[in-house]
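J.: Could you have a look at this structure, given as structure tokens, before my questions?
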Amino acid sequence: MNVHGRPSQPSDFADLDKIIAKMGGLAEQQLDLAFVALEKRDPKLAEQVIASDRDIDLLEREVEALTLGMIARLRPDERGLRHILGTMRIASDLERIGDLGKNMGKRALAIATEQRPKLLIGGLRHMVEMALGQLKDVLDAYTTRDAARAYAVWADDANIDAMYNSLFRELLTYMMEDPRSIGIATHLLFGAKNIERVGDHTTNIAETVFFLVTGKELAAERPKLDETSTTLIIKDEP
């Protein structure tokens, strides 16, 4: 029973959690397949990744419709309202992660016929693996309502930043040493930035999960180690 004396509707909240779980699974798949398309130079897979982004977009709209209906119909208490608002925020971040996966798919499509250095692809693979691991951890934290696990993901964001900074420097060096590589290296640079942004959205989700569980905002300043922002502005909109 909530503060207005109206019966709670646990099925509505369970439905929200199911949609978030589905969105999260699709976002993980999107990012993973986008990198595979890039690594294997597979234009058909890249096109599949780009097209599948709409599935995540539709689920975000489903979350919006369900949450707005719940607020109007259930008049939720504080805990229920945190659940609803937190879910809306998480859905928004997962939609953006899907967009970033789509952007990587576009990069994979653009350089499908190009040779690319194995060393740099290896660095990109490590970034993707780390980003996917963090995304899985934060989605598990949401499912289990584990504030400590969410905090651990939040605190770990600097590691992706450090990997991005290292790869950024490698790519710039590669471009300076061989001007013919500028085109391919630029696409890889945008791909790396997309992964770094995935880490940022994953950190957003960690903050939301922490608030959903505890009712408190994380007070400390978010750990960031992106050293490239003062060197080069990189923007890759969907």
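The values are calculated or read from the model by the stated rules, or taken from the named source; none is laboratory data. The model shown is predicted, which means the values in this text are computed figures rather than measured ones. No Cβ is skipped: glycine too gets one built from the backbone with ideal geometry, and neighbour counts run over all protein chains shown. Note: accessible area is taken over every heavy atom of the protein model, side chains too, but ligands, DNA and RNA are not part of it. Shrake-Rupley method; radii C 1.70, N 1.55, O 1.52, S 1.80 Å.
J.: For a quick check: with amide H placed at 1.01 Å from N, whose amide H comes under 5 Å from residue 111's, ignoring anything fewer than 5 positions away on the same chain?
T.: Those qualifying (amide H under 5 Å, at least 5 residues apart or on another chain) number zero.
J.: When the accessible area of the chain is split by element with a 1.4 Å probe, what percent falls to carbon and sulfur? Kindly include the intermediate steps, with their values, before the conclusion.
T.: Numbers: 6300 of 11610 Å².
Carbon and sulfur: 54 percent of the exposed surface of the chain.
J.: On to the next question. Taking a label point 7 Å from the Cα of residue 178 along the Cα→Cβ vector, which residues of segment 20-47 have an amide N closer than 18 Å to it?
T.: Within reach of a label on residue 178: 39-41.
J.: Additional query: Based on Cβ point charges of +1 for Lys and Arg and -1 for Asp and Glu, what charge dipole magnitude is obtained for the chain about its Cα centre, in debye rounded to the nearest 20?
T.: Around 260 debye, computed over the chain.
J.: Ok, one more. Can you bin the chain into rounded, prolate or oblate? Criterion: square roots of the alpha carbon gyration tensor eigenvalues sorted a ≥ b ≥ c, rounded for a/c under 1.5, prolate for a/b above b/c, oblate for the rest.
T.: Prolate is the answer for the chain, as a/c is 1.5 or above and a/b outweighs b/c.
J.: Return a whole-number percent for the relative contact order of the chain, with Cα pairs under 8 Å and 6 or more residues apart as the contact set.
T.: 25
J.: Could you tell me which of rounded, prolate or oblate describes segment 1-106, using a ≥ b ≥ c as the square roots of the eigenvalues of the alpha-carbon gyration tensor, with rounded for a/c under 1.5 and, failing that, prolate when a/b is larger than b/c and oblate otherwise?
T.: On the way: a/c = 3.81, a/b = 3.65, b/c = 1.04.
Prolate, since a/c reaches 1.5 and a/b exceeds b/c.
J.: Exposed loop sites here are GluC sites (Glu not before Pro) in DSSP loop states with at most 11 other C-beta atoms within 10 Å. What is the longest stretch of the chain lacking them?
T.: 1-216
J.: Place +1 on the Cβ of every Lys and Arg and -1 on the Cβ of every Asp and Glu in segment 68-195, take the dipole about the Cα centre, and give the residue among 87, 97, 122 whose Cα lies farthest towards its positive end.
T.: 87
J.: Can you find, among 190, 167, 212, the residue sitting farthest towards the positive end of the charge dipole of the chain, where Lys and Arg contribute +1 and Asp and Glu -1 at Cβ?
T.: 212
J.: Can I ask one more? Report, in order of residue number, the helices in the chain meeting two criteria: a C-alpha extent of 30 Å or more along the helix axis, and a mean Kyte-Doolittle hydropathy of at least -0.5; treat each whole DSSP H run as one helix.
T.: 10-40, 43-74, 78-110, 118-144, 157-177, 182-214
J.: For the chain, with every protein chain kept in place, what is the accessible area per residue (1.4 Å probe, Å²)? Mind dumping the intermediate values first?
T.: Details: 11610 Å² over 238 residues.
Computed with neighbouring chains in place, this is 49 Å² per residue.
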